[in-house]
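Below: one structure, written as structure tokens.
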Amino acid sequence: MTRYMEIVEEMANLIADGSLRPGDPLPSVRTAAAQRKISKGTVVQAYSVLENRRLIEARPQSGFYVRARGPISTQLPRVGLTRPSVVRSDPRERMRETLGDLVGARVTSLGSSFADPSLFPMQSLNKALSAASRQSSYGDTLVDLQLGLPALRRAIAKRYLEMGYVVPMDEIVITCGGMEAISLSLQAVAHPGDLVLIDSPMFFSGLQLLKQLGLNALEMPTDPQDGLDLGVLDRTLSRHKVAACLLMTNCQNPLGFTMPEAKKRELVKLLLRHGVPLVENDVYAELQFDLLKSRAAKAFDANGMVLHCGSFTKCLAPGFKIGWVAAGRFREAIANRKFATTLGTSVPPQAAIAHYLLHNAYDRHLRNLRQQLQERVNQMSGAIASHFPSETRLSRPAGGFVLWIQLPEAVDSFKLFEFAANRDIGIAPGPIFSARRRYRNFIRLNCSHAWSASLDEALQWLGRSAIDMCV
Ligand SMILES: Cc1ncc(COP(=O)(O)O)c(C=O)c1O
């Protein structure tokens with residue numbers, strides 16, 4: 001290592017471990033050079049690298065100081081697309097299949113979309129599982145296999161009521177997680193070769209699913225603050241024959257926005273006018289930070305054209321893989337597909353969740369969970385604002401636990417992904433969120449993990465690497 005880089009690493013470590021704190025002065029160039037018996041030029045070179053990394057700042061007539069943690073960036077990421085864009089599905093295309101594993105399995109796992117498991121009430125769920133198994137004989141429930149356990153469907157219908165709208169339990173089909181709910185919904189409303197309109201960027205597995213089903217994607221420009229432009233949507237639906245829309249209206253992954261209720265109402269009206277069903281992916285509904293949670297588009301669906309897909313994976317019981325679809329007029333089609341593919345969903349986890357919802361303090365758990373997630377998202381946003389290049393733009397999630405980050409143009413997120421993987425840091429590179437492989441200089445980070453020195457180090461390292469890619 002060169003002499004000036006030794007000084008850089010030494011100073012960076014002192015700042016990282018808190019020995020040097022924001023506002024502390026660094027030795028002047030002359031003093032540092034004399035102390036270390038090196039040239040002033042070497043010190044200047046080291047200090048300018050530290051400045052580039054945004055760890056220190058020069059104050060006129062005064063010297064160099066450790067930078068204060070910058071305020072959270074107020075700049076939102078730019079809208080990724082300018083025009084709607086059709087992408088034909090190509091089953092031959094291989095999209096780094098191992099990526100999902102890589103982003104999930106790292107020591108510092110910032111790439112996955114699974115929340116820190118310690119945030120969930122596993123003990124209570126295990127108790128619910130054994131209590132539920134004592135109460136029922138699973139053989140008795142085969143009659144309800146296709147639609148799912150009535151106790152759970154009833155509990156979900158009650159939850160809708162608590163949110164302020166009515167969804168009868170007969171409309172609800174229990175599925176193996178939100179993913180199966182989305183898959184069955186798409187199969188019920190679209191056929192291979194059809195065009196499905198999606199918001200962009202969109203979560204990685206959703207894009208993989210479209211490809212698996214042989215569906216083509218129509219990617220729409222999506223505002224990081226409140227979603228699709230309905231005027232553009234209207235014109236696009238007049239121009240293209242679209243079989244369905246697959247959208248997230250609450251805590252969109254990865255952008256984090258929640259569409260205002262008035263806009264959801266308009267959306268439902270507009271789609272009805274064009275005769276296009278909405279597959280509403282609402283698996284993050286319970287993770288909205290705002291106490292006055294926004295209802296789903298489903299709340300405004302008087303015609304059964306919204307297939308509302310929910311899940312307990314993100315908010316209660318990650319490994320149970322229990323979700324549902326409130327399928328509107330497509331209930332029969334969904335139930336038939338469910339029967340023809342898996343017959344039904346495993347009963348014990350359904351019984352456990354139904355038991356938990358009936359006997360445990362679900363709302364208290366959710367309040368806790370949201371508060372922790374919001375704190376962690378804020379903390380991570382602050383760290384990114386201070387460690388990442390100054391042009392970085394950051395989403396401001398209304399809920400959930402991911403951040404969508406726009407890095408300077410010079411940063412190739414796949415390269416960053418590979419460098420990071422070699423250091424056991426998992427990140428999700430932007431292009432996997434687009435059928436067209438846009439967002440080359442974007443990444444998504446999972447903020448659900450408790451703050452720790454190693455997390456801080458990982459973020460510092462990512463920020464430094466992004467800065468190094470810019471020079
Ligand atoms: C946006 C989004 N939709 C759906 C899913 C799948 O949900 P589930 O795990 O309940 O199948 C995920 C999981 O990562 C997700 O992030």
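Please tell me the relative contact order of the range 149-299 in percent, rounded to the nearest whole number, where contacts are Cα pairs under 8 Å and at least six residues apart.
22
Need one number: nm distance between label points at N360 and E332, each 7 Å from Cα along Cα→Cβ, rounded to one decimal.
Here the answer is 3.8 nm between the modelled labels.
For a label point 7 angstrom out from the Cα of H274 toward its Cβ, which stretches of the range 249-267 have the backbone nitrogen within less than 14 Å?
266-267
Given that compact globular proteins tend to follow 2.2 N^0.38 Å, what is the ratio of the alpha-carbon Rg of the range 202-290 to that value?
Cα Rg divided by the expected 2.2 N^0.38 Å: 1.07.
Protein chains only, probe 1.4 Å: how do Y65, Y284 rank by accessible area, largest first?
Result, largest first: Y65, Y284.
Which value in Å does the Kirkwood hydrodynamic radius of the chain take, with 1/r averaged over all unlike C-alpha pairs and then inverted?
23.9
Summing Lys, Arg as +1 and Asp, Glu as -1, what charge do residues with Cβ under 12 Å from the Cβ of S395 carry, S395 excluded?
+3
Could you tell me what percent of the accessible area of the range 266-385 is made up of carbon and sulfur, with a 1.4 Å probe and every protein chain present?
Roughly 51 percent, rounded to a whole number.
At a 1.4 Å probe radius, which order do R440, R337, R464 fall into by accessible area, largest first?
Result of the area sort, largest leading: R440, R337, R464.
Rounded to the nearest 20 Debye, what is the dipole magnitude of the range 3-66 about its Cα centre when Lys and Arg each give +1 and Asp and Glu each give -1 at the C-beta?
The dipole magnitude comes to about 260 debye.
Could you tell me which GluC sites (Glu not before Pro) in the range 383-436 are loop residues by DSSP with no more than 11 other beta carbons within 10 angstrom of their beta carbon?
Within the range 383-436, the qualifying GluC sites (Glu not before Pro) (loop, at most 11 other Cβ atoms within 10 Å) are E409.
Quick one: putting +1 on the C-beta of Lys and Arg, -1 on the C-beta of Asp and Glu, what dipole do you get for the chain around its Cα centre, in Debye to the nearest 20?
With Lys and Arg at +1 and Asp and Glu at -1, about 420 debye.
State the answer as a single residue: which of F433, M1, L50 lies farthest towards the positive end of the charge dipole of the chain, with beta carbon charges of +1 for Lys and Arg and -1 for Asp and Glu, about the Cα centre.
In the chain, that residue is L50.
May I ask you to give the solvent-accessible area per residue for the chain, in square angstrom, as obtained with a 1.4 angstrom probe?
44
How much accessible surface does S346 have with a 1.4 Å probe, in Å² rounded to 10?
In the full protein context, S346 sits at about 70 Å².
How big, on average over all directions, is the shadow cast by the Cα convex hull of the range 3-66, in nm²?
Mean shadow area of the hull around the Cα atoms is 3.9 nm².
Taking 8 Å as the Cα distance limit and 6 or more residues as the minimum spacing, I'd like the relative contact order of the chain as a percentage.
Dividing the mean separation by the residue count of the chain yields 22 percent.
Please report the carbon-and-sulfur percent of the accessible area for the range 3-66; probe 1.4 Å, protein heavy atoms only, DNA, RNA and ligands left out.
In the range 3-66, the share of accessible area belonging to carbon and sulfur is 49 percent.
Keeping every protein chain in place, order W451, W404 by accessible area at 1.4 Å, biggest value first, i.e. largest first.
Ranking W451, W404 by accessible area, largest first, yields W451, W404.
Normalised by the residues of the range 3-66, what does the relative contact order come to in percent, with Cα pairs under 8 Å and at least six apart?
42 percent.
Of K127/K211; K158/K269; K127/K263, which sit over 30 Å apart, Cα to Cα?
Where the Cα-Cα span goes over 30 Å, the pairs concerned are K127/K211; K127/K263.
Rounded to the nearest 10 Å², what accessible area does L161 show when all protein chains are kept and the probe is 1.4 Å?
For L161, solvent-accessible area is about 110 Å².
The values are calculated or read from the model by the stated rules, or taken from the named source; none is laboratory data. Note that the structure is a prediction, hence the values are computed from the model and not measured. As a convention, Cβ positions derive from the backbone with ideal geometry for all residues, glycine included, and neighbour counts pool all protein chains shown. SASA here: full protein model, heavy atoms, side chains in, ligands and nucleic acids out. Shrake-Rupley method; radii C 1.70, N 1.55, O 1.52, S 1.80 Å.
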